[in-house]
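Undergrad: Submitted below is the structure of interest, expressed as structure tokens.
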Amino acid sequence: MYPETAFNKAIEVKTVSDVQQTGYDLPSGYEWCSVDLSNDEQAEELYQLLTNHYVEDSEGKFRFDYSIDFIRWALMPPNHFPDWVVGVRGNGKLNGFISAIPVTMVVNGNTVKMAEVNFLCVHKKIRDKKLAPLLIRELTRRVNMKNIW
């Protein structure tokens with residue numbers, strides 16, 4: 001269907017054994033967590049973080065307000081991975097978040113397992129800590145640990 005060209009090959013080939021086995025280092029006082037959406041308290045904590053610190057317009061007047069039921073629906077599909085619901089805690093509070101769900105796509109006639117990433121969010125007061133790139137790297141590491149590239 002499609003010829004084997006540079007556009008139809010993996011850019012880089014790795015295996016799970018090539019993946020760092022432990023989480024990336026965070027700034028002092030912060031730690032990784034997996035947010036348990038089946039736990040009402042943790043689901044509420046994520047809801048509050050997203051409601052107050054996720055996408056908004058430049059004037060701060062318009063903001064997404066996803067319900068807990070919607071968040072659970074979006075992040076807990078069949079065969080989801082709970083460790084792909086990634087948080088950063090500091091002082092016991094959820095300060096950063098990113099998530100992914102597994103998806104199967106057809107690319108150039110080939111069925112490929114992938115991750116659909118969503119809800120990258122960092123609390124406004126700590127955006128100077130540069131947590132967003134770390135959240136992306138950590139989620140990528142966790143996805144790669146499932147042999148998904």
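Undergrad: Of the residues that make up region 121-139, is at least one at pLDDT 95 or above, touching a helix residue (DSSP H, G or I) at 6+ places or on another chain (Cβ under 8 Å) and assigned to a strand (DSSP E or B)?
TA: Yes, region 121-139 has at least one match.
Undergrad: Among the residues of region 18-27, is any touching a Lys or Arg at 6+ places or on another chain (Cβ under 7 Å), farther than 22 Å from K146 by Cα and of a type outside the set (K, R)?
TA: Within region 18-27, one or more residues are touching a Lys or Arg at 6+ places or on another chain (Cβ under 7 Å), farther than 22 Å from K146 by Cα and of a type outside the set (K, R).
Undergrad: Given the structure, is V106 part of a strand (DSSP E or B) and either surrounded by 11 or more Cβ atoms within 10 Å (Cβ to Cβ) or within 13 Å of the chain's Cα centre (by Cα) (or both)?
TA: Answer is no for this residue.
Undergrad: Now for a separate question. Output the residues belonging to region 66-83 that are in contact (Cβ under 8 Å) with a residue 24 or more places away in the chain and either acidic (D, E) or touching a helix residue (DSSP H, G or I) at 6+ places or on another chain (Cβ under 6 Å) (or both).
TA: I68, D83
Undergrad: Give me the pairs: first residue in region 52-65 and of a type in the set (A, V, I, L, M), second residue assigned to a strand (DSSP E or B) and modelled with pLDDT under 85, beta-carbon distance under 8 Å, and six or more apart or on different chains, which are they?
TA: Going by the 8 Å Cβ cut-off, the qualifying pairs are V55/R63.
Yes/no per residue for (1) touching a strand residue (DSSP E or B) at 6+ places or on another chain (Cβ under 9 Å); (2) within 22 Å of R63 (Cβ to Cβ); (3) without any contact (Cβ under 8 Å) to a residue 24 or more places away in the chain:
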{"position": "G92", "(1), (2), (3)": "no, no, yes"}
{"position": "V107", "(1), (2), (3)": "yes, no, yes"}
{"position": "K113", "(1), (2), (3)": "yes, no, no"}
{"position": "C121", "(1), (2), (3)": "yes, yes, no"}
{"position": "R127", "(1), (2), (3)": "no, yes, yes"}
{"position": "L131", "(1), (2), (3)": "yes, yes, no"}
{"position": "L139", "(1), (2), (3)": "yes, no, no"}
{"position": "N144", "(1), (2), (3)": "no, no, no"}
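Undergrad: Related question: In this structure, is V35 surrounded by 12 or more Cβ atoms within 10 Å (Cβ to Cβ), hydrophobic (A, V, I, L, M, F, W, C) and under 18 Å from W73 (Cα atoms)?
TA: Against the criterion (surrounded by 12 or more Cβ atoms within 10 Å (Cβ to Cβ), hydrophobic (A, V, I, L, M, F, W, C) and under 18 Å from W73 (Cα atoms)), V35 qualifies.
Undergrad: Quick one: is D69 in a helix (DSSP H, G or I), at pLDDT 95 or above and either surrounded by fewer than 11 Cβ atoms within 10 Å (Cβ to Cβ) or of a type in the set (D, E, K, R) (or both)?
TA: It is true that D69 is in a helix (DSSP H, G or I), at pLDDT 95 or above and either surrounded by fewer than 11 Cβ atoms within 10 Å (Cβ to Cβ) or of a type in the set (D, E, K, R) (or both).
Undergrad: When the residues of region 130-149 are filtered to those that are surrounded by fewer than 16 Cβ atoms within 10 Å (Cβ to Cβ) and aliphatic (A, V, I, L, M), which remaining residue is farthest from the chain's Cα centre (by Cα)?
TA: Checking each candidate, the answer is M145.
Listed here are the residues, each with its yes/no results for (1) among the charged types (D, E, K, R); (2) modelled with pLDDT under 95.
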residue	(1), (2)
E4	yes, yes
E12	yes, yes
V19	no, yes
Q42	no, no
H53	no, yes
D65	yes, yes
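Undergrad: Given the conditions (1) surrounded by 11 or more Cβ atoms within 10 Å (Cβ to Cβ); (2) more than 21 Å from L26 (Cα to Cα); (3) of a type in the set (A, V, I, L, M, F, W, C), and given that F62 satisfies all but one, which numbered condition is not satisfied?
TA: (1)
The values are calculated or read from the model by the stated rules, or taken from the named source; none is laboratory data. Since we're looking at a predicted model, the values are computed, not measured. Using ideal geometry, Cβ is built from the backbone for each residue, glycine included, and neighbour counts are taken over all protein chains shown.
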